[in-house]
Amino acid sequence: MKTKAVLLSLAVVGLAAGAARANFTVTGTFRYVDRPFTFSGGFSAAETNLPIRLARVQVIDDQTGAALATSSTAQDGSISIAVGGTGTRDILVRCYARSDAFGSNRLRVTTQGGTLYSVSSQVFAGWDLSTNLNIGTVTAQKVFSGSNQGGPFNILDQMVAGTEYAKSAGAPNPPVNLRGNWPGGSGSFASGTQFFMADDDGFDDMVVLHEFGHVLHNVYSDSDSPGGSHSFAQSDQDPRLSYSEGWASFFAGAVRQHQGIFDPAFYMDCFGQGQTGSGSVQLRMRMENGSPFATGTGGEADEGAVFCVLWDLVDTASTNDGNATDDDAVDGSFTFAGGLDADQMQWAVFTGPVAQASNLTIRDQWNGTFSPTNHGQHAAVESVFNGWQMRFLEDTGEPNDTTGSATPLALGTSWGPTRTLYSSNANPPAPGDGDLDHYAIDLQFLDVFEVETRYPGGVGDAETYCDPRITLFRPDGTQFAQNDDGGTGRNARLTNQVADQTGTWIVRVDTTHAYRRTGSYQLRARVLIPAPCGSTPYGAGEVGSTGTTATISTTGNPANGQTIAIRLAGGNPNSFCVLFEGANVGNNVQPWGTILVAGPAFFRTYTSTDAAGNASVLVPVDAALAGQTRYYQYAVRDPGFGGNIQASGGLQIDYCP
Amino acid sequence: MKPPLSLAAFAVLCLVLPGGASPDRGALVSGPASCKPDAPIDIEVLDSSVSDGVAFVRYRVASRIDGLRLDTALELPDGGRVLNDRGIRARGVARHDPRVGSARLRLPAGATGGRVTIRAALTFVASGGELDGLEETVVATRTLSWGALDPTPVLPIVESDGVVSLDVPALRTGGDNR
């Protein structure tokens, strides 16, 4: 059974307007027929009567239509209205689907034509105004639009509950009149200060609160939603739309928690033609665990993830859900800065930084929690957001904001770990916009290669709102290429690129999107076609008397017209050394080791090592070498070694065609 | 000429006339039309017409998530009947894999207007919470209309427990309807 908790003391009962003297008192109770529901069972077969709370009531002269007194119902739907007058009148008591309990502006439920709903007592003809009148219990029944069932007073009750919650979280009274409309046609929606409930949504409390949430968003904060259709299990929606819709659904759960309703936090839309049981459910989703869409829910642009995150912020171990614990770190065991509870903190952010944000998304809710006012509890809040794949945190590759701090990235078909475009020097670290992630990859001249990003895990549905861009820099620091949306979805992709330099290239990932300012991604770089030229080591060298083995390597571009350097390192210092060159691999075993190259050409040149034991031989690449393969090995005099020779391993150089 | 059926007002509000970023930032009240969440099903009307009391509609339905079953049904106005229904009965539905259905309907005799609703039901394997692993069915609808539509009247149920009446939309105290 739905419980309507008593949340506000009623100050208006008995304040009869215009009653110069109270000659009699009208008492009684107004109630409305409600259709209870549960997440698992949909609409219950049994209906219940609930009090019409804080609604405007008038005692009326039925013959003249004059209002003799005006007041409001109490939280329990009761009235006690002092009325002045003498003689006898035909008395009627009417309760309106209108609340004046929240300052000078009113909440109303009307038809789309603007007609206010009301419910009336019978006419008490010829009532002696010196006699108190008890009208008994007046119950507003369901109203039908075609076969669709509606309850204007149920809608009013949700508006009252929603306004009570907002005020408890720190809102002032509504600054304008607010209005709900029923029947609203084939779909429920909100616009400005009004919302319109679909013909079959009159008793869908979660839908009513969702739409009323939109109205309060408009009134107390500011929405940048572009509008349009939307649904659950969609993490690739416009993040501005998803924030607006997610917040509205969250609001419904928060209101119901504030009312003390059991199992308060789920969205549910039911068929409204009188169906009952689980077959009455049209669409539902839990805020605690995303059921039944848990697998597909996550990311900054998923409205379900938005309401799950916001709900996790405000639910506590004391939430009336049959569980004495909370499944997240923000569990009500602490307060935020200034002693605010989670609802109050959320509202302060919602009506502060969020209201001021352009193109607002859930990122603005995150940023606003810590900046410009730091509400605290960063670690706990971060864990809540991260739990729904909202990555407002630095990845393990940080800091890599510069070329010099680039993170090494191995070439291959495997994707790197999930990274985030998020970096902040603030404490706590928010906001994290403007991150530049740098990665280093090694490429050979004429390698045909590809660099691309993807959504985390490669899921077709994004589970991130990220819009990464890739910029590629050569080893000499010049920009080579740039791409924003060449990959799947919003991802970047540079494919079939041909390296024009050998060395370490830099991949920079960032974003320039107006409101997808952070987010998560994966990156990979791979060589599609290896360069037709380059160097490859082979064979084993000979250990010298110092215990080291000389090594051979090359730098430069082995293309016609270029000059490469064939380098020796680790040789005996200041010693004579020989560079062998052959057209074939050799295996000439000598007492001191193996000569790894063979003819027809066998000797390239000789030189000396420097004091560090290094040497370098420059080889101009000409037409005779172009397209050829040659094999090289260094031999170095080694006084302490038997045979006086130390040798490097072999090096195969494929000269470019 | 065969006049096309028209989408209902809901579609106009939510699909055709969404607002942009609110131009009145900082003003007290702003915001575009915002609609309730839909089931993750897209229903697109490809073609429709009415001629000689017979309506034809061809539509495309796609699930936004992987599902077990996708079925469509039609809700007709009173007195209408289906002449030819080539609805969707799909099994093993991949997301974003649209299916096409069509129907030819005999409209109620003498009707000058009315509504036809396409109802699509998607069954999928639920995840999370107490529904984890169970089959879950969600429903989306798309309503088309033709001709002149009378506003659906609001019908009060007047029921007495001694003192009850619901005034819908009677309003005898004009000053209250501000």
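The values are calculated or read from the model by the stated rules, or taken from the named source; none is laboratory data. A quick note: this is a predicted structure, and the numbers were derived from the prediction, not measured. Neighbour counts run over all protein chains shown; Cβ positions are idealised from the backbone, glycine included. Only protein heavy atoms, including side chains, enter the accessible area calculation; ligands, DNA and RNA are left aside. Shrake-Rupley method; radii C 1.70, N 1.55, O 1.52, S 1.80 Å.
Across segment B:13-54, the number of residues qualifying as in contact with a Ser or Thr (Cβ under 8 Å, 6 or more places away or on another chain), at pLDDT 85 or above and either under 17 Å from residue B:115 (Cβ atoms) or part of a loop (DSSP other than H, G, I, E, B) (or both) comes to 5. Yes or no: residue A:317 open to solvent by 40 Å² or more (accessible area, probe 1.4 Å) and in a loop (DSSP other than H, G, I, E, B)? No; evaluated as a whole, the condition is false for this residue. Does residue B:85 satisfy the criteria of being within 12 Å of another protein chain (Cβ to nearest Cβ), open to solvent by 20 Å² or more (accessible area, probe 1.4 Å) and either of a type outside the set (A, V, I, L, M) or touching a Phe, Trp or Tyr at 6+ places or on another chain (Cβ under 8 Å) (or both)? For residue B:85, the condition - within 12 Å of another protein chain (Cβ to nearest Cβ), open to solvent by 20 Å² or more (accessible area, probe 1.4 Å) and either of a type outside the set (A, V, I, L, M) or touching a Phe, Trp or Tyr at 6+ places or on another chain (Cβ under 8 Å) (or both) - is not met.
Would you confirm, using the coordinates I've provided, whether residue A:120 is more than 8 Å from every other protein chain (Cβ to nearest Cβ) and of a type in the set (S, T, N, Q)? It is false that residue A:120 is more than 8 Å from every other protein chain (Cβ to nearest Cβ) and of a type in the set (S, T, N, Q).
Is it fair to say residue A:582 is small (Gly, Ala, Ser), under 53 Å from the mean Cα position of the chain (by Cα) and crowded, with 17+ Cβ neighbours inside 10 Å?
no
Over 30 Å from residue A:488 (Cα atoms), open to solvent by 40 Å² or more (accessible area, probe 1.4 Å) and charged (D, E, K, R) - does that describe any residue in segment A:519-532? No, segment A:519-532 contains no residue that is over 30 Å from residue A:488 (Cα atoms), open to solvent by 40 Å² or more (accessible area, probe 1.4 Å) and charged (D, E, K, R).
So that you can scan it fast, the table gives a plain yes or no per residue for (1) open to solvent by 10 Å² or more (accessible area, probe 1.4 Å); (2) in a helix (DSSP H, G or I); (3) modelled with pLDDT of 95 or more:
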site	(1), (2), (3)
A:195	no, no, yes
A:203	no, no, yes
A:212	no, yes, yes
A:215	no, yes, yes
A:223	no, no, no
A:226	yes, no, no
A:234	yes, no, no
A:246	no, yes, yes
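Residue count for segment A:542-561 satisfying the condition of being surrounded by fewer than 17 Cβ atoms within 10 Å (Cβ to Cβ), in a strand (DSSP E or B) and not β-branched (Val, Ile, Thr): 1. Taking the criterion of being in a loop (DSSP other than H, G, I, E, B) and open to solvent by 10 Å² or more (accessible area, probe 1.4 Å), the residues of segment A:273-288 that qualify are A:273, A:274, A:275, A:276, A:288. When A:588, A:644 are screened for being over 28 Å from residue A:501 (Cα atoms) and without any contact (Cβ under 8 Å) to a residue 24 or more places away in the chain, only A:588 passes. Going through segment B:33-67 one residue at a time, which ones are buried (at least 18 other Cβ atoms within 10 Å of the Cβ) and away from chain A (no Cβ under 14 Å)? Matches in segment B:33-67: B:48, B:50, B:55, B:56, B:57, B:59. In segment B:96-117, of all residues being at pLDDT below 90 and within 14 Å of chain A (Cβ to nearest Cβ), the one that is nearest to residue A:286 (Cα to Cα) corresponds to B:96. Considering every residue within segment A:569-590, establish whether at least one is outside any strand (DSSP E or B), within 18 Å of residue A:540 (Cα to Cα) and among the polar types (S, T, N, Q). Yes, segment A:569-590 contains at least one residue that is outside any strand (DSSP E or B), within 18 Å of residue A:540 (Cα to Cα) and among the polar types (S, T, N, Q). Screening residue B:91 on (1) at pLDDT 95 or above; (2) facing chain A (nearest Cβ under 7 Å) shows it passes everything except condition (2). On the stretch given as segment B:68-78, residues that are in a strand (DSSP E or B) and more than 11 Å from every other protein chain (Cβ to nearest Cβ) total 7.
Can you name every residue in segment A:164-193 that is among the hydroxyl-bearing types (Ser, Thr, Tyr), open to solvent by 30 Å² or more (accessible area, probe 1.4 Å) and farther than 15 Å from residue A:272 by Cβ?
The answer is A:168, A:191, A:193.
Take segment A:211-241 and flag every residue that is farther than 12 Å from residue A:301 by Cβ and either of a type in the set (Val, Ile, Thr) or more than 7 Å from every other protein chain (Cβ to nearest Cβ) (or both). Of everything in segment A:211-241, those that are farther than 12 Å from residue A:301 by Cβ and either of a type in the set (Val, Ile, Thr) or more than 7 Å from every other protein chain (Cβ to nearest Cβ) (or both) turn out to be A:212, A:213, A:215, A:216, A:219, A:220, A:221. Taking segment A:356-369 as the range and being open to solvent by less than 10 Å² (accessible area, probe 1.4 Å) and assigned to a helix (DSSP H, G or I) as the test, the residues that pass are A:362, A:365, A:366, A:368, A:369. Looking across A:38, A:48, one residue alone is open to solvent by less than 40 Å² (accessible area, probe 1.4 Å) and within 30 Å of residue B:130 (Cβ to Cβ). It is A:48.
Return the residue satisfying two criteria in turn: it lies in segment A:95-107 and is in contact with a Phe, Trp or Tyr (Cβ under 8 Å, 6 or more places away or on another chain) and either within 9 Å of residue A:176 (Cα to Cα) or assigned to a strand (DSSP E or B) (or both), and of such residues it is nearest to the other protein chains (Cβ to nearest Cβ). My answer is A:96. Candidates are the residues of segment A:248-268 that are outside any helix (DSSP H, G or I) and touching a His at 6+ places or on another chain (Cβ under 9 Å); the one that is farthest from residue A:290 (Cα to Cα) is A:264. Hey, among the residues in segment A:118-141 that are aliphatic (A, V, I, L, M) and in a loop (DSSP other than H, G, I, E, B), which one's farthest from residue A:181 (Cα to Cα)? My answer is A:129. As a summary of the residue check, residue A:187 satisfies the conditions (1) part of a loop (DSSP other than H, G, I, E, B); (2) of a type outside the set (A, V, I, L, M); (3) touching a residue at least 24 places away in the same chain (Cβ under 8 Å) except for the one numbered (3).
Residue-by-condition table, conditions (1) part of a loop (DSSP other than H, G, I, E, B); (2) away from chain B (no Cβ under 11 Å); (3) among the acidic types (Asp, Glu); (4) within 27 Å of residue B:141 (Cα to Cα):
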residue	(1), (2), (3), (4)
A:290	yes, no, no, yes
A:297	yes, no, no, yes
A:310	no, yes, no, no
A:325	yes, yes, no, no
A:330	yes, yes, no, no
A:333	yes, yes, no, no
A:343	no, yes, yes, no
